[in-house]
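Trainee: Right, I'll just put the structure down here and ask away after.
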Amino acid sequence: MADIATQLAVERLLARYVASIDEDRLEEWPGYFTETCRYQIISRENHEKGLPIGVFYADSRGMLQDRVAALREANIYEAQRYRHLVSATLIDQVSDGVAMVRSNYLVLRIMQDGVLSVFSAGRYLDRIELSGAEPLFQERIVVFDNKRIDTLLAIPL
Amino acid sequence: MAELAWPREGLTRVPYAVYADADLYVRERQQLFMGATWNFLCLEIELPNPGDYRATFVGDVPVIVARDWDGSLGAFENRCAHRGALLCFNGTGHGREIRCVYHNWTYDLKGRLTGVAFRRGIAGKGGMPADFDPVHHNIRALRVESFAGIVFGTFSAAAPPLETYLGPDIATRIHRVMRKPIVLLGYNHQLLPSNWKLYVENVRDSYHASLLHLFFTTFRLNRLSQEGGIIVDESGGHHVSYSKMATDRQSADYDGAALRATREGYRLADPSLIAGRDEFGDGITLQILSVFPGFVLQQIQNSLAVRQVLPKGVGDTELVWTYFAYGDDDDALRRMRMKQANLVGPGGYVSMEDGAVGGFIQRALAGAGEASSVVAMGGAEATSQETRATEAAVRGFWKAYRAHMDL
């Protein structure tokens, strides 16, 4: 079992990640990942069948920065915010300074006109590097349960 | 609704009422989706083995498509002939027969009734009447044809053979993409808050591409002067839009963008996303192909997918994306497809706007009354053009639509 300090460090990373997205400080988001990393948003359907393609995939921090730049400067979408609720942070294993972590999330989406809906629910499957000053995601796989995405997915989960 | 009178301008006008009318929605099901059209059911690779079946839709009509034990394909309504319950409600299945969970009526993989539970009753009591003949209680079946690994079905005896329906121009360009064995890479399902026709028009609308989708231009990855054009088939209903981003020029642009900040200062931090490969050898970096009414085959650089457009009510549509690759891809090409999937789908850099823009029209319909939208770019015809600054393929859709709908 992971020690309490590790548990707290991991939960703090998860909380900071969520705060950056939900408070529209997306520019901070790539900074939670290692330079070479893996981030993917994929349906449970594809994930369980071993099908590799999802909604978004990145294998570098640069690709995450590009996502933010595209959302800020290029892509056109109705103004919207998320509210993440993250729970049940389970550290499955810690070895060689890397924690394997699972947690559940619920994301509410609030559109500019105030319409709030349950946008996505699912799991974060994380591989977190603990050796640096702050823990960082080497890998974050977002497995969403809802299969159908309403209208579009712009902001990362 | 009151009989819809099409504006006298013809193909260059589309009455807003077509996106909002519940009676028209029912007529579309009858005359269009269940009429003399061929509708995408699945890819052949999704039914690899005899006995495999899966639930799909023709329009909003639930259908089962199956590979029978002799390898042949069949399709029939996903509705028990007894009380009308869904037969396949978990998406996919496998077996020698399909059994309705409600009263255990069974069907073979062509939808023929093979068994009625307690047909002779129990201990001589009950049971079906003596004159009950299962032959008269088969499920309504579709004609099924596969073309280049893509399975289509039609409810209509009057529809021409599939290849005739597609015509040579469309068939050739389907073959261009479906040229060797494929493997499945994944699915995405997207709910569009709009009438289904707003999405299939969007697919045929090459005019909006460089105006609504700013990803390529913002990051200086594209040239608007690129070679390309539109092919509209004889019926108007099918189309191909294609363009060539000269790959050398593209990489030069992109190298330049990576080396020096452009005036606006936007460049990709990791340009590996667009380091595509000319795997077709013809320089065509984009080919969007539609088959009337609701099928799309897409090649956007190295991202390959089919899209199935499914009406879910007057103002709601489901878009199903099925991504694929070739079985003989090398690792680098497979990774490229993974990355370039970021261009398309519900969160795609060059497609996310399409998920919303139909909804922007749908939300503005109230009060439009008898007004019409204007579809006049590139003239009044619905024919092939050597430019993408045209709405010819949108007019083509309405030409075919009106023919099927007697409008």
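Only the coordinates and a few stated rules stand behind these numbers; no lab work does. The structure presented is a predicted model; accordingly, all values stated were derived computationally and were not measured. Because the Cβ atoms are built from the backbone with ideal geometry, glycine has one as well, and the counts that use them run over all protein chains shown.
Trainee: Along the positive direction of the dipole of the protein assembly as shown (beta-carbon charges: Lys, Arg +1; Asp, Glu -1; about the Cα centre), which of A:Ile53, B:Leu43, A:Val86 reaches farthest?
Mentor: My answer, from the dipole projection, is B:Leu43.
Trainee: Mind checking the dipole of chain B: about its Cα centre, +1 per Lys or Arg Cβ, -1 per Asp or Glu Cβ, Debye to the nearest 20? Before the final figure, lay out the partial values.
Mentor: Details: 42 positive and 45 negative charges, 152 e Å.
So the dipole magnitude of chain B works out to roughly 720 debye.
Trainee: To the nearest 20 debye, what is the magnitude of the charge dipole of the stretch A:4-144 about its Cα centre, counting +1 on the Cβ of each Lys and Arg and -1 on the Cβ of each Asp and Glu?
Mentor: 300 debye
Trainee: Which one, B:Thr154, B:Val375, B:Phe89, projects farthest toward the positive side of the charge dipole computed for chain B from Cβ point charges (K/R +1, D/E -1)?
Mentor: Toward the positive end, the furthest listed residue is B:Phe89.
Trainee: Give me the one-decimal nm value for the distance between modelled label points at B:Arg335 and B:Lys110, 7 Å along each residue's Cα-to-Cβ direction.
Mentor: For the pair B:Arg335/B:Lys110, the computed spacing is 5.0 nm.
Trainee: If you keep only loop residues by DSSP, which trypsin sites (Lys or Arg not before Pro) in the stretch B:356-407 have at most 15 other Cβ atoms within 10 Å of their Cβ?
Mentor: Hits after loop and neighbour filter: B:Arg363.
Trainee: Could you check which residue among B:Val183, B:Val58, B:Val350 shows the biggest mean-square fluctuation in a GNM of chain B with a 10 Å Cα cutoff?
Mentor: Highest fluctuation of the listed residues: B:Val183.
Trainee: Oh, and also: Before rounding to the nearest 500, sum -39500 (n - 2.57) across all DSSP H runs of length at least 4 in chain B and divide by the residue total; then give [θ] at 222 nm in deg cm²/dmol.
Mentor: About -6000 deg cm²/dmol.
Trainee: Turning to a different aspect of this structure: Suppose R0 equals 22 Å; then what is the FRET efficiency for A:Glu134 and A:Arg25 from their Cβ-Cβ distance, rounded to the nearest 0.05? The partial results should precede the final answer.
Mentor: Working: r = 16 Å, r/R0 = 0.72.
The calculated FRET efficiency here is 0.90.
Trainee: Could you list, in their original order, any pairs among A:Lys49/B:Lys339; A:Lys147/B:Lys339; A:Lys147/B:Lys312; B:Lys180/B:Lys312 whose Cα atoms are separated by more than 23 Å?
Mentor: B:Lys180/B:Lys312
Trainee: Loop only by DSSP, 16 or fewer other Cβ within 10 Å of the Cβ. Give me the GluC sites (Glu not before Pro) in the stretch A:16-87 that pass, ordered by residue number.
Mentor: When the GluC sites (Glu not before Pro) of the stretch A:16-87 are filtered for loop state and at most 16 Cβ neighbours within 10 Å, A:Glu23, A:Glu78 remain.
Trainee: How big is the convex hull of the Cα atoms of the stretch A:69-157, per residue, in Å³?
Mentor: Roughly 118 Å³ of hull volume per residue.
Trainee: If you check each cysteine of chain B for another cysteine whose beta-carbon is under 4.7 Å away, which ones come up empty?
Mentor: For chain B, the answer is B:Cys42, B:Cys88, because their Cβ atoms have no other cysteine Cβ under 4.7 Å.
Trainee: Which of these, B:Leu297, B:Leu184, B:Leu43, has the largest mean-square fluctuation under a Gaussian network model of chain B (Cα springs below 10 Å)?
Mentor: B:Leu184
Trainee: Which value, to two decimals, describes the C-alpha radius of gyration of the stretch A:4-144 once divided by 2.2 N^0.38 Å?
Mentor: In units of the 2.2 N^0.38 Å rule of thumb, it is 1.05.
Trainee: Any idea what the dipole of the stretch B:167-405 comes to, in debye rounded to 20, about its Cα centre with Lys/Arg Cβ at +1 and Asp/Glu Cβ at -1? Don't jump to the answer; show the numbers that get you there.
Mentor: Details: 25 positive and 26 negative charges, 47 e Å.
Dipole magnitude for the stretch B:167-405 comes out near 220 debye.
Trainee: Return the whole-Å distance between the Cα centroid of the stretch B:158-213 and the Cα centroid of the stretch A:84-157.
Mentor: 33 Å
Trainee: Dividing the alpha-carbon Rg of the stretch B:96-163 by 2.2 N^0.38 Å yields what?
Mentor: Here the answer is 1.53, to two decimals.
Trainee: Restricting to DSSP loop positions (anything but H, G, I, E, B) with no more than 14 other Cβ atoms inside 10 Å of their own Cβ, which trypsin sites (Lys or Arg not before Pro) remain in the stretch B:1-71? Intermediate values should be presented prior to the final figure.
Mentor: On the way: sites: B:Arg8, B:Arg13, B:Arg27, B:Arg29, B:Arg54, B:Arg67; in loops: B:Arg8.
Sparse-neighbourhood loop trypsin sites (Lys or Arg not before Pro): B:Arg8.
Trainee: I've got another one for you. State the antiparallel share, in %, of DSSP beta bridges confined to the protein assembly as shown, rounding to the nearest 5.
Mentor: Within the protein assembly as shown, antiparallel bridges account for around 90 percent of the total.
Trainee: Continuing with the same structure: With springs only between Cα atoms under 10 Å, which of B:Asp270, B:Asp131, B:Asp70 fluctuates most in a Gaussian network model of chain B?
Mentor: B:Asp131
Trainee: For chain B, report the translational diffusion coefficient in µm²/s to the nearest whole number, using Stokes-Einstein at 20 °C, 1.002 mPa s, and a Kirkwood Rh over Cα pairs.
Mentor: Details: Rh = 22.9 Å.
Translational D for this selection: 93 µm²/s.
Trainee: Taking Cα pairs under 8 Å and at least six residues apart, what relative contact order does the stretch B:39-145 come out at, in percent?
Mentor: Taking the mean separation of contacting Cα pairs over the length of the stretch B:39-145, I get 23 percent.
Trainee: Still on this model: Which of the three applies to the protein assembly as shown, rounded, prolate or oblate, going by the alpha-carbon gyration tensor with a ≥ b ≥ c and a/c under 1.5 meaning rounded?
Mentor: It is oblate, given that a/c is not under 1.5 and a/b is not larger than b/c.
Trainee: Expressed as a fraction of 2.2 N^0.38 Å, the rule-of-thumb size for a compact globular protein of N residues, what is the C-alpha radius of gyration of the stretch B:174-240?
Mentor: Scaled against compact globular proteins, the figure is 1.43.
Trainee: Per-residue mean of other chain beta-carbon atoms within 10 angstrom of the beta-carbon, peptide A:41-53? Don't jump to the answer; show the numbers that get you there.
Mentor: Working: counts 2, 2, 4, 0, 5, 6, 1, 0, 3, 2, 7, 10, 18.
Taking all residues of A:41-53 together, the mean is 5.
Trainee: Against the longest principal axis of chain A, how steep is helix A:4-22, in degrees 0 to 90 to the nearest 10, with axes from Cα atoms?
Mentor: Tilt relative to chain A: about 10 degrees.
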